[in-house]
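Participant: I am attaching a structure below and will ask some questions about it afterwards.
The values are calculated or read from the model by the stated rules, or taken from the named source; none is laboratory data. Since this is a predicted model, take the numbers as computed values, not measurements. In this analysis, Cβ positions are derived from the backbone assuming ideal geometry, glycine residues included, and neighbour counts consider all displayed protein chains.
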Amino acid sequence: MENQTNIEPPIAVEGLRKSFGAQTVLDGLTFQLVAGQVTCVLGRSGTGKSVLLKLLIGIETPDAGSIRLEGRDISSATPKELNEARKKVGFLFQQSALYDSMTIEENVAFPLRRHTKLSDAECHDRVHQLLESVGMDGDVGKMPSDISGGMSKRVGLARALALEPTILMFDEPTAGLDPITAAEIAKLIVELRDQRHITSIVVTHDLHTARTIADRLIVLDGGKTLFDGTFEGRNESKDPFIAQFVKDAA
Amino acid sequence: MATPATAPRLAMDDVRAFGKPFQAMVEWVGDLGFFSWRVAKAIFSRPFEGAEFLRQLDAIGAKSLPLIALAGAATGVVLSLQTRDSLTRFGAKSLLPAVIIFSLIKETGPIITGLIASGRVGAGIGAELGSMRVTEQIDAMEASGVDPVKFLAATRILACIVAMPLLTLAADFFGILLGWVACTLAEPMSLRLFLSNGLHGVTFSDLLPPTLKTAIFGLIIGVVSCFQGMRSHGGTEGVGRSATSSVVLSSLFIIVADILLVRLIIEFF
């Protein structure tokens, strides 16, 4: 029992504040992720959900508060320490953010070539293995501009998984996708949790996806946590915003 | 009309209105200095991005060659056409090859190369990095533990520094060659005679310092356009702004730097 209490959560956030000019987007946010769970962050547009993910990976710097990635405080980390910490995290961006001057294969191989000592042949095999695991293979020579949005998400996910991260961050993984492709992406997130025990934090507007994948919901409003609990637990909330969510998700 | 009570407030508003652009300029200079420091550290730290540097050298150097060669050639022809008339009036027509060659290697070649490259390369880098910024590709690189300043900016800046003197030599070469063609079309003259007349008295100190000063132009183009591209924001409009400001600012700084460098070259060589 004592050992359990000593285990650091994958991500621990305390008193996180972030403003852009006069606009405060996050106002004293505090939460911890539980290892092996999928946590969905919901909220209106402009409530700082995407900013939260960028703060967690150190792309944005907080005005106040602390962020611990597997026990390491990234707010005070040196650039080298930060890059080391980032290797344990995979990030799928809203528009996939594939490097448009590189082929699909080069995109997925990019983190492998930078951070591992794999030979060309090993790298090639690993890329094919990763693409196959997300249901993509055979189009490795294409450029990102030549593939669909759903395929871009899959390639982005393969790239995010390249360094075998323990934490995955998803920014609107199903935005702009048709319902079938969205369901397939949601299924992949659940498989990653069940088969690889990866901890995921998913920012989404898509209540249907959240219902499918979430072990836990965090609802943000006005830069603060409005609700933190299970999907079923939201029914008990008296807050009108949550009530609207319940109604929309029904 | 302002009452005595509102007058000081109006004055303060004026001061603030005047101070804002000044503050923005000071911030820009500070950010540019910090960015340059990060680039300098990145260039001299391991791992070296050899493959990306060579890719950029090809994109910035080899792919600029046709345009620079054409600009150099056109300059040579125009110099030949314009100067012939003036020199004939003063009875110094025999100096035509020397005027063309001296003019090209000492100033016209380097400055034409600098300004043409600031247009082609500066706009290209500003737009490419700007587009990578607004589509979160730079964030994705950072998120995967790769320093974008090292991978994207340092390689491009280094490629600009190396490519510019080489492009200048190409501009000089094509300028002299087409200068001779224009001369010989007006009044036949062998290339050997043209060169022996033109290169008489030319020393390495006439060629090397002006050619090598374009490495500084390369540094200006690289730093300014990478900086403007990487701080791009505001979607496609922001990308357009980054590309334009990269060209305008690097051209401006090249002109200012040229004046200072010419003064230094005269002083020390």
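Participant: Determine if segment B:13-26 includes at least one residue that is assigned to a loop (DSSP other than H, G, I, E, B) and either among the small types (G, A, S) or in contact (Cβ under 8 Å) with a residue 40 or more places away in the chain (or both). Reasoning before the result, please.
Facilitator: So the first thing to find is which residues in segment B:13-26 are assigned to a loop (DSSP other than H, G, I, E, B), and the list is none.
No.
Participant: Additional query: Which of the following residues is hydrophobic (A, V, I, L, M, F, W, C) and more than 16 Å from B:L65 (Cα to Cα): B:M141, B:M164? Step through it out loud before you land on a result.
Facilitator: On the way: B:M164 fails: more than 16 Å from B:L65 (Cα to Cα).
Criteria check complete, one pass: B:M141.
Participant: Among the residues of segment B:214-226, is there at least one that is closer than 30 Å to B:R133 by Cβ and outside any helix (DSSP H, G or I)?
Facilitator: Filtering segment B:214-226 for residues closer than 30 Å to B:R133 by Cβ gives B:214-226.
Now narrow it down to the ones that are outside any helix (DSSP H, G or I): none.
Looking for residues that are closer than 30 Å to B:R133 by Cβ and outside any helix (DSSP H, G or I), one finds none in segment B:214-226, hence no.
Participant: Which of the residues spanning segment B:1-60 are at pLDDT 85 or above and of a type in the set (K, R)?
Facilitator: Result: B:R38, B:K41, B:R55.
Participant: Report, by residue number, each residue of segment B:92-150 that is of a type in the set (S, T, Y) and within 10 Å of chain A (Cβ to nearest Cβ).
Facilitator: Kept after step one, since they are of a type in the set (S, T, Y), are these residues of segment B:92-150: B:94, B:103, B:108, B:113, B:118, B:131, B:135, B:144.
Scanning segment B:92-150 gives B:S131, B:T135, B:S144.
Participant: Whether any residue in segment A:129-138 is of a type in the set (A, V, I, L, M) and at pLDDT below 90 is what I want to check.
Facilitator: Of the residues in segment A:129-138, the ones of a type in the set (A, V, I, L, M) are A:130-131, A:134, A:136.
Remaining after also requiring at pLDDT below 90: A:134, A:136.
Yes, because at least one residue in segment A:129-138 is of a type in the set (A, V, I, L, M) and at pLDDT below 90.
Participant: Could you figure out which of (1) surrounded by 22 or more Cβ atoms within 10 Å (Cβ to Cβ); (2) out of contact with any Cys (no Cβ under 8 Å at 6 or more places or on another chain) isn't true of A:A109?
Facilitator: Tallying (1) surrounded by 22 or more Cβ atoms within 10 Å (Cβ to Cβ); (2) out of contact with any Cys (no Cβ under 8 Å at 6 or more places or on another chain), A:A109 fails exactly one: (2).
Participant: Can you pull out every residue in segment B:89-111 that is in a helix (DSSP H, G or I), free of Cβ contacts under 8 Å to residues at least 12 places away in the same chain and farther than 18 Å from B:V181 by Cα?
Facilitator: B:R89
Participant: Here are the criteria: (1) over 21 Å from A:T61 (Cβ atoms); (2) crowded, with 21+ Cβ neighbours inside 10 Å; (3) of a type outside the set (F, W, Y). Tell me which single one B:V162 does not satisfy.
Facilitator: Among (1) over 21 Å from A:T61 (Cβ atoms); (2) crowded, with 21+ Cβ neighbours inside 10 Å; (3) of a type outside the set (F, W, Y), B:V162 violates only (2).
Participant: Restrict the check to segment A:150-170 and report whether at least one residue is within 14 Å of chain B (Cβ to nearest Cβ), more than 16 Å from the chain's Cα centre (by Cα), surrounded by fewer than 18 Cβ atoms within 10 Å (Cβ to Cβ) and under 29 Å from A:L52 (Cβ atoms).
Facilitator: No, segment A:150-170 contains no residue that is within 14 Å of chain B (Cβ to nearest Cβ), more than 16 Å from the chain's Cα centre (by Cα), surrounded by fewer than 18 Cβ atoms within 10 Å (Cβ to Cβ) and under 29 Å from A:L52 (Cβ atoms).
Participant: Taking the stated definitions as given, is A:Q37 of a type outside the set (G, A, S) and touching a residue at least 40 places away in the same chain (Cβ under 8 Å)? Before you say what the answer is, go through the steps one by one.
Facilitator: Working: of a type outside the set (G, A, S): yes; touching a residue at least 40 places away in the same chain (Cβ under 8 Å): yes.
Yes, satisfied.
Participant: In segment A:64-97, how many are of a type in the set (K, R) and facing chain B (nearest Cβ under 7 Å)? Step through it out loud before you land on a result.
Facilitator: Step one: list which residues in segment A:64-97 are of a type in the set (K, R), which gives A:68, A:72, A:80, A:86-88.
With facing chain B (nearest Cβ under 7 Å) added as a condition, the list becomes A:86-87.
Result for segment A:64-97: 2.
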